[in-house]
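The structure appears right after this line, and notes come after that.
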Amino acid sequence: MYIDVFATAGGADPGLLAGKTVLIIDVLRATSTITTALANGAAGVLPVLTIAEAREAAAGLTPGTFLLGGERKALKIPGFDLDNSPRQYTREVVAGKTIIMTTTNGTVAIKQAFPAAALLIASFLNARAAAREAWKTGTDIYLLCAGTRNRFSLDDAACAGLLVHCLQELEPGARLGDLAFALRHLYLSYRDDLPHLISHASHYQRLMDLGLEADIAYCLQQDVYDVVPRWDKERNLIVLPLD
Ligand code: 3SL
Ligand code: MG
């Protein structure tokens, strides 16, 4: 088994991801939000790239069955139901609903990985479960960090390091690509104080400036959920598998 990491959505070659297992990581905040929404009973998440696409998808659904969610510049999109704060995606709000979601980096990374054989959503919130699920596929595994506007992002990198560490525990003979090796060591160096590491991320500062420290604290919790959202090609939705 070979394990490697792409640092940004744009840095991944979709051709290379074809037929592989891909874990998408956008700790702050898209994959933390998607994991929370599905853990709280959302029927599915439809990732789209643009606001226009989101509205178009909504026009095809029955009112009351969906919610529009996401952000631009970390803020709620005018006319949408929810922003990208995972703490908004409570059971009371999302149970049974399809979430149509567009975000700056996270949904771009997800769409980039559509050629994958298995496309899984990972975050600190479900890290161990996500690593286990990826490992069970038995194929090579790529961790695709969303990054921030096509730049390396420490929050995603730290989570990728944790996932590589978990995968190596499951498959001690796995071969690691250069970035997988480096990020595992980054994670191990800071594992006892991840908030300190992640406080150096530029996107951390942006969210702090917006008063969203509670979102950051929420997203940095580890292994809160034992669920692994997965792209279902037939249903054109990110869902939780039934088994
Ligand atoms: O870029 C994204 O996908 C978002 O997760 C970024 S934000 O934290 O919602 O601003
Ligand atoms: Mg991010």
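The values are calculated or read from the model by the stated rules, or taken from the named source; none is laboratory data. Keep in mind the model is a prediction, meaning the values are calculated, not measured. Here the Cβ positions follow ideal geometry from the backbone for every residue, glycine too, while neighbour counts run over all protein chains shown.
Count of the range 92-129 residues, restricted to those that are over 27 Å from ASP81 (Cβ atoms) and small (Gly, Ala, Ser), is 5. Of VAL164, VAL94, VAL108, all but one fail to be within 12 Å of ligand 1 (Cβ to nearest atom), touching a residue at least 40 places away in the same chain (Cβ under 8 Å), out of contact with any Cys (no Cβ under 8 Å at 6 or more places or on another chain) and not polar (S, T, N, Q); the exception is VAL108.
Taking the range 167-199 as the range and being touching a Leu at 6+ places or on another chain (Cβ under 8 Å) and closer than 18 Å to SER123 by Cα as the test, the residues that pass are GLN168, ALA180, ARG184, LEU186, TYR187, TYR190, ARG191, LEU194, PRO195, LEU197, ILE198. The lone criterion from (1) without any contact (Cβ under 8 Å) to a residue 60 or more places away in the chain; (2) farther than 28 Å from HIS185 by Cα left unmet by LEU49 is number (1).
Residue count for the range 14-49, restricted to those that are more than 13 Å from ligand 1 (Cβ to nearest atom) and part of a loop (DSSP other than H, G, I, E, B): 7. The single condition from (1) in contact with a His (Cβ under 7 Å, 6 or more places away or on another chain); (2) more than 23 Å from GLY15 (Cα to Cα) that SER123 fails is (1). When the residues of the range 58-82 are filtered to those that are surrounded by 18 or more Cβ atoms within 10 Å (Cβ to Cβ) and either within 16 Å of ligand 2 (Cβ to nearest atom) or assigned to a helix (DSSP H, G or I) (or both), the one that is farthest from the chain's Cα centre (by Cα) is ALA58.
In the set (1) more than 16 Å from ligand 2 (Cβ to nearest atom); (2) of a type outside the set (A, V, I, L, M, F, W, C); (3) surrounded by fewer than 19 Cβ atoms within 10 Å (Cβ to Cβ), the condition left unmet by ARG149 is number (1).
Counting the residues of the range 106-116 that are surrounded by 24 or more Cβ atoms within 10 Å (Cβ to Cβ) and within 14 Å of ligand 2 (Cβ to nearest atom) gives 4. Is it fair to say GLU234 is surrounded by fewer than 16 Cβ atoms within 10 Å (Cβ to Cβ), of a type in the set (Asp, Glu) and either at pLDDT 95 or above or within 23 Å of PHE114 (Cα to Cα) (or both)? It is true that GLU234 is surrounded by fewer than 16 Cβ atoms within 10 Å (Cβ to Cβ), of a type in the set (Asp, Glu) and either at pLDDT 95 or above or within 23 Å of PHE114 (Cα to Cα) (or both). Being at pLDDT 95 or above, away from ligand 2 (no atom under 16 Å from the Cβ) and among the small types (Gly, Ala, Ser) is a property that GLY15 lacks.
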